[in-house]
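The structure under discussion appears below in the form of structure tokens.
Only the coordinates and a few stated rules stand behind these numbers; no lab work does. Just so we're clear, the structure is a prediction, and the values are computed from it rather than from any experiment. As a convention, Cβ positions derive from the backbone with ideal geometry for all residues, glycine included, and neighbour counts pool all protein chains shown.
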Amino acid sequence: MHDFPTLLKLGQSIHIKGHDYQVLGHLRFDYGRGWWDEFWVEGTDHRVWISVDEGDVILQRPIPRNDCPANTKPPKLGDTVTAERRNYRVTEASSAICIAVRGHFSEILKIGSQYDYVNCTGENGNLLSGEFSEGAPDWYLGAWLDPFEFTVGIEK
């Protein structure tokens, strides 16, 4: 992965809304018109993803399988899906390819892996994301973050 200025770096500590995390992994995805970064961060009681795309930052947690939408294939734009007993509307549907990997993750991730994905918006503004590749889809629920809502510490 080429070094570019990024909001987060491997080894940094982060404090977000009362929780402390450490950045353990960094992925970069190409979606044709550009790319975005995803950071795997772990705390003592939380493991989450932080995505950064064109200055927008979102913190997302994996949803347990029994609370995920029933969709086995990506829903279409405008469709409604249900997760954790709340409805979300599909506002983006596309595909991306992983173009860079560095650090440590809770799963095996490979350069060249392609994903179909959907982003869905809830009534409360939360974001539900679904990733479709091999096997069952993975779903994540997140909230948008103002970059001033968290503190980035030094690299360890």
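Identify, please: which residue in segment 69-96 is free of Cβ contacts under 8 Å to residues at least 40 places away in the same chain and among the β-branched types (Val, Ile, Thr) and is, among those, surrounded by the most Cβ atoms within 10 Å (Cβ to Cβ)?
Restricting to residues being free of Cβ contacts under 8 Å to residues at least 40 places away in the same chain and among the β-branched types (Val, Ile, Thr), the top hit is Val90.
Going by what's in this entry, would Thr6 be described as more than 14 Å from the chain's Cα centre (by Cα), under 20 Å from Ser113 (Cβ atoms), in a loop (DSSP other than H, G, I, E, B) and touching a residue at least 12 places away in the same chain (Cβ under 8 Å)?
no
For segment 42-142, which fully contained strands (runs of 3 or more DSSP E) count at least 3 residues that are within 17 Å of the chain's Cα centre (by Cα)?
Where strands (runs of 3 or more DSSP E) fall fully within segment 42-142 and carry at least 3 residues being within 17 Å of the chain's Cα centre (by Cα), they are 47-53, 56-62, 86-103, 114-122, 127-132.
Can you confirm whether segment 97-110 contains a residue that is without any contact (Cβ under 8 Å) to a residue 12 or more places away in the chain, at negative phi, of a type in the set (A, V, I, L, M, F, W, C) and surrounded by fewer than 17 Cβ atoms within 10 Å (Cβ to Cβ)?
Yes: one or more hits.
Scan segment 11-29 and report the pairs whose first residue is in a loop (DSSP other than H, G, I, E, B) and whose second residue is aliphatic (A, V, I, L, M), with Cβ atoms within less than 7 Å and a gap of 6+ or a chain change.
Gly11/Val23
Checking Gly32 against (1) assigned to a loop (DSSP other than H, G, I, E, B); (2) surrounded by 16 or more Cβ atoms within 10 Å (Cβ to Cβ), which single condition isn't satisfied?
(2)
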